[in-house]
Amino acid sequence: QVQFVESGGGLVQPGGSLRLSCAASGSIFGIDAMGWYRQAPGKQRELVATITSGGSTNYLDSVKGRFTISRDNAKNTVYLQMNSLKPEDTAVYYCNARLQPIATKKFADYWGQGTQVTVSS
């Protein structure tokens with residue numbers, strides 16, 4: 001069984017910063033890519049940023065230069081540092097990991113429960 005613990009969401013004023021964390025735990029054999037997605041009300045879920053086990057990153061164009069994704073492989077944890085936040089960044093943010101459970105050793109996508117980020121004055 002795999003569990004995720006997400007933290008760091010909240011209410012922040014435009015121009016402010018937040019740092020999201022997501023720790024994966026449980027019966028994990030290995031983890032490949034990890035990432036963050038977001039879903040705003042009435043919109044489809046979109047990819048925000050991803051990072052491979054080797055550290056290669058990919059970002060949504062609208063967050064480039066403002067958001068930074070990182071990971072601690074020893075802790076199975078992925079982070080998202082969000083700076084210069086804008087109202088349009090308001091959404092529920094979900095962490096994602098492509099990982100191998102010990103039971104199957106087959107890669108599959110797993111999701112966190114989501115954390116609300118609200119950017120408003």
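The table for this structure:
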{"read-out": "Filter result (touching a residue at least 40 places away in the same chain (Cβ under 8 Å) and buried (at least 17 other Cβ atoms within 10 Å of the Cβ)) within segment 71-88", "value": "Asn76, Thr77, Val78, Tyr79, Leu80, Met82, Leu85"}
{"read-out": "Answer residue from segment 5-17, given it is open to solvent by less than 30 Å² (accessible area, probe 1.4 Å) and in a strand (DSSP E or B) and is nearest to Cys95 (Cα to Cα) among those", "value": "Glu6"}
{"read-out": "Subset tally (residues that are open to solvent by 20 Å² or more (accessible area, probe 1.4 Å) and either under 14 Å from Asp32 (Cβ atoms) or more than 13 Å from the chain's Cα centre (by Cα) (or both)) for segment 102-121", "value": "12"}
{"read-out": "Single unsatisfied condition, Leu99 versus (1) of a type in the set (A, V, I, L, M); (2) open to solvent by less than 50 Å² (accessible area, probe 1.4 Å); (3) closer than 20 Å to Gly8 by Cβ", "value": "(3)"}
{"read-out": "Residue in segment 1-58 that is farthest from Gln116 (Cα to Cα), counting only those that are in contact with a Lys or Arg (Cβ under 8 Å, 6 or more places away or on another chain) and among the β-branched types (Val, Ile, Thr)", "value": "Ile31"}
{"read-out": "Selection from segment 41-66 of residues that are more than 11 Å from the chain's Cα centre (by Cα) and under 19 Å from Ser17 (Cβ atoms)", "value": "Thr57, Tyr59, Leu60, Ser62, Val63, Lys64, Gly65, Arg66"}
{"read-out": "Flag if Leu47 is assigned to a strand (DSSP E or B) and either aliphatic (A, V, I, L, M) or out of contact with any His (no Cβ under 8 Å at 6 or more places or on another chain) (or both)", "value": "yes"}
{"read-out": "Boolean, Leu99 is in contact (Cβ under 8 Å) with a residue 40 or more places away in the chain, more than 17 Å from Ser7 (Cα to Cα) and assigned to a strand (DSSP E or B)", "value": "yes"}
{"read-out": "Verdict on Gly35 being outside any strand (DSSP E or B) and in contact (Cβ under 8 Å) with a residue 40 or more places away in the chain", "value": "no"}
{"read-out": "Search result, residues across segment 18-59 that are of a type in the set (Lys, Arg), more than 14 Å from Met82 (Cα to Cα) and surrounded by 13 or more Cβ atoms within 10 Å (Cβ to Cβ)", "value": "Arg45"}
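The values are calculated or read from the model by the stated rules, or taken from the named source; none is laboratory data. What you see is a predicted model; the values in this text were computed from it and never measured. So basically every Cβ, Gly included, is an ideal-geometry build from the backbone, and we count neighbours across all protein chains shown. Each accessible area value is taken on the protein alone, full model and side chains, heavy atoms only, with ligands, DNA and RNA left out. Shrake-Rupley method; radii C 1.70, N 1.55, O 1.52, S 1.80 Å.
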